[in-house]
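Heads up, the thing below is written out as structure tokens.
The values are calculated or read from the model by the stated rules, or taken from the named source; none is laboratory data. Since this is a predicted model, take the numbers as computed values, not measurements. All Cβ positions, glycine included, derive from the backbone under ideal geometry; neighbour counts span all protein chains shown. Keep in mind that these areas ignore ligands, DNA and RNA; they rest on the heavy atoms of the full protein, side chains included. Shrake-Rupley method; radii C 1.70, N 1.55, O 1.52, S 1.80 Å.
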Amino acid sequence: MKVTWTPADIPSLNGKRILITGANSGIGYHAALVLAQKGAHVILACRDSRRAETALTRLKTTAPEASAEVSSLDLASLESIREFARRELAEQRPLHMLINNAGVMAPPKRLETADGFELQFGTNVLGHFALTGLLMPLLERAAVSEPPRVVTVASIAHKRGRLDFDDLQSTRRYSPMQSYQQSKLANLMFALELDRRLRANGSRVMSVAVHPGVANTNLFRAGERSALDSAMRAVASHLIGAFLNSDDAGALPTLYAATSPNVAGGGYYGPTGWMEMRGDHVGDAAIAQQAQDVESARRLWDVCETLTGVKFPLQPSEA
């Protein structure tokens, strides 16, 4: 269903605390700006403190009355995630929205996180899994007047993704795009499985997923690459900006999922334009068949718990 919806439809968010990973640029920044303009206190959780402070200055220049802060978080390090969670839990302030936005896209060479995981799977999947699990008590604490939300950013790239349980870390064979597609499939499967477990446990917390279409974001442009690859991506980035979504338009599904009263737990939302790649309208997005495999989702969940050492306070959903 196509929805005619704009940020103007977002109600007042006064009193709400919202955490956005990777909010120093692209979709994360634009979502942070809009949510702060609506009255929320926004936490920009970022790996690069210098870029995060620059983003915060930019945000407050655009919206002087905004309430926002920067907090150090490296999703490629379980130690950093645990330290971030310890700081948040110590303050015992409710968390009304967690937006799992940060990501790594297709580095040309296989890289590893601080814990030895393949960088894309370790950051995009394991990092957000661990963060969400550790912050779940603060999300539950916010479930007073309306359901808190976990919004996980997936991708239309999930449609070409496959979970290789025999080589999730791409140690036998590394393909930049295949590893990215697998990580985005895993993001979507995590969001859907989290919703099933939340419902089975009677939680008021909602889990939803989104994708931005094909947006001209820093995720596409950044990274250590050869001069030729960087030049090719610069050209592609220009074409994406001209013909597909800008990063502020790419933020619309995230904003919709985070704030609209019409959003349902377990929903997946994205732009409704050509092949879901662009558009000013938000609607239900297509979920690939492999993302609906409940048994594989449970297996992925178990793998994530084992690798991260983080166990959610939720019992598995029924078959």
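Quick one: how many lysine pairs does the chain have with C-alpha atoms less than 27 Å apart and a gap of 8 or more or different chains? Give me the count, please.
The result is 11.
Find the accessible area per residue for the chain; the probe is 1.4 Å, ligands and nucleic acids are left out, and the unit is Å².
43
Stretched out fully, how many nm does the piece from ASP48 to ARG141 gain, at 0.36 nm a residue minus the Cα gap?
30.6 nm
Could you give the size of the charge dipole of region 10-308 about its Cα centre, using +1 on the Cβ of each K and R and -1 on the Cβ of each D and E, expressed in debye and rounded to the nearest 20?
With Lys and Arg at +1 and Asp and Glu at -1, about 240 debye.
For every other residue with a beta carbon closer than 12 angstrom to the beta carbon of ASP74, add +1 if it is Lys or Arg and -1 if Asp or Glu, then tell me the sum.
Taking every other residue near ASP74 into account, the sum is -2.
ARG173 to GLU69: extension gain in nm, 0.36 nm per residue of separation minus the Cα-Cα distance?
Gain on stretching ARG173 to GLU69: 33.4 nm.
Stretch ARG299-THR62 to full length: gain in nm at 0.36 nm per residue minus the Cα-Cα span?
Stretched out fully, the ARG299 to THR62 stretch lengthens by 80.8 nm.
Ignoring ligands, DNA and RNA, please state the percent of accessible area on the chain from carbon and sulfur, probe 1.4 Å.
With neighbouring chains kept in place, the figure for the chain is 51 percent.
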